[in-house]
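Single-structure report; data block below.
Every number here is computed from the coordinates shown, using simple stated rules; none is lab data. All of these numbers come straight from a predicted model, not from anything done at the bench. All Cβ positions, glycine included, derive from the backbone under ideal geometry; neighbour counts span all protein chains shown.
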Amino acid sequence: MNSTHHSVVVGVAPADYRLPLVLWAAAEAAVRDAELRLVTAVPMRAAPDLYLPAETADALREAGHSRLADAVERVRAHRPGLRVTTAVVSGAPADVLRTAGATADLLVVGTDDQSPFAETVSGSVPGSLLTTAPCPLAVVPHPEMSARDELPMVAALDEVDTSKAALAYAFAAADRSRRSLVVVHCLLAERKERASRPGQTLLLAAFRGLYPHVAVTEDIAPGDPRDVLAQWSRRAALMVLGSRGHGRLTSTLFGSVGRILIRRSGCPVVIARAGTGDLVEGAM
């Protein structure tokens, strides 16, 4: 993460865009005192693999510029004084956003509208970025969310290394937004093990010390993590999972939880990458 220039990058579709998604990213940028960077990916002219003639690609690029201009105007109406920049970049959306996120504090995308079958065939931008984004990734659900002013942040814990990333991001986010934090210990019902591992206990104590003003509660949650976290997302302002990166989202306990959760979640989901984001030296 760039320590001298903070930014929140949000992916904006060239043909249409979701204002709630952009405004959510704008709020994140504002609370971080960061620049909001709106990025639109458009196909290259006459790309043979996409079967797009030059005229169509140029039309999409023009539409992208128009959508971004409209988005900037709307953001500035809601967030006067927020630094906003835009970019229209040729390339596949996931590749463009990965590059844009390389120096960002947070990368924000919306959920896909396509079916699970279509995603299997053609791929998914948020699905691709779940394990490859170079910075923390926020996936914002498609339906407009109801007011969540009084709801807590939720950090879902699995193994110690991924728990560190989740706790680091969640504590910092709760502190910035002055919300309470619920730490959910995900535990398969059939496993005969302690809900909180010693390493997790030490991590949690360290972060409590670093953020003494954050009110923290813990929830022991046996059962399928996909169901447990989907239920929690209905009463949370934000859900945070940890990732090792390099193609693995948490451990075998979470498995495909992140991929399923971004389809079922009632709140934005953040995948916090180990070694990036809001990690604090005192809790390492």
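The length gained on full extension between Val31 and Ala87, counted as 0.36 nm times the residue separation minus their Cα-Cα distance, comes to 17.9 nm. A Förster radius of 22 Å, combined with the Cβ-Cβ distance separating Thr99 from His5, puts the computed FRET efficiency at roughly 0.85. Highest mean packing first, where packing is the average number of other Cβ atoms within 10 Å per residue, the peptides 260-271, 57-68 line up as 260-271, 57-68. Look at Tyr169, Tyr17 and count the other Cβ atoms within 10 Å of each Cβ; fewest to most, that gives Tyr17, Tyr169. With a Förster radius of 51 Å applied to the C-beta separation of Ser177 and Glu55, the computed FRET efficiency comes to 0.65.
The ranking of Glu28, Glu150, Glu218 by Cβ neighbour count inside 10 Å, starting from the fewest, reads Glu150, Glu218, Glu28. If a spin label sat at a point 7 angstrom from the Cα of Leu19 along the line to its beta carbon, the backbone N atoms of region 77-95 nearer than 11 Å would be those of 77-78. Ranked by the mean number of other Cβ atoms within 10 Å per residue, highest first, peptides 226-238, 98-110, 200-212 order as 98-110, 226-238, 200-212.
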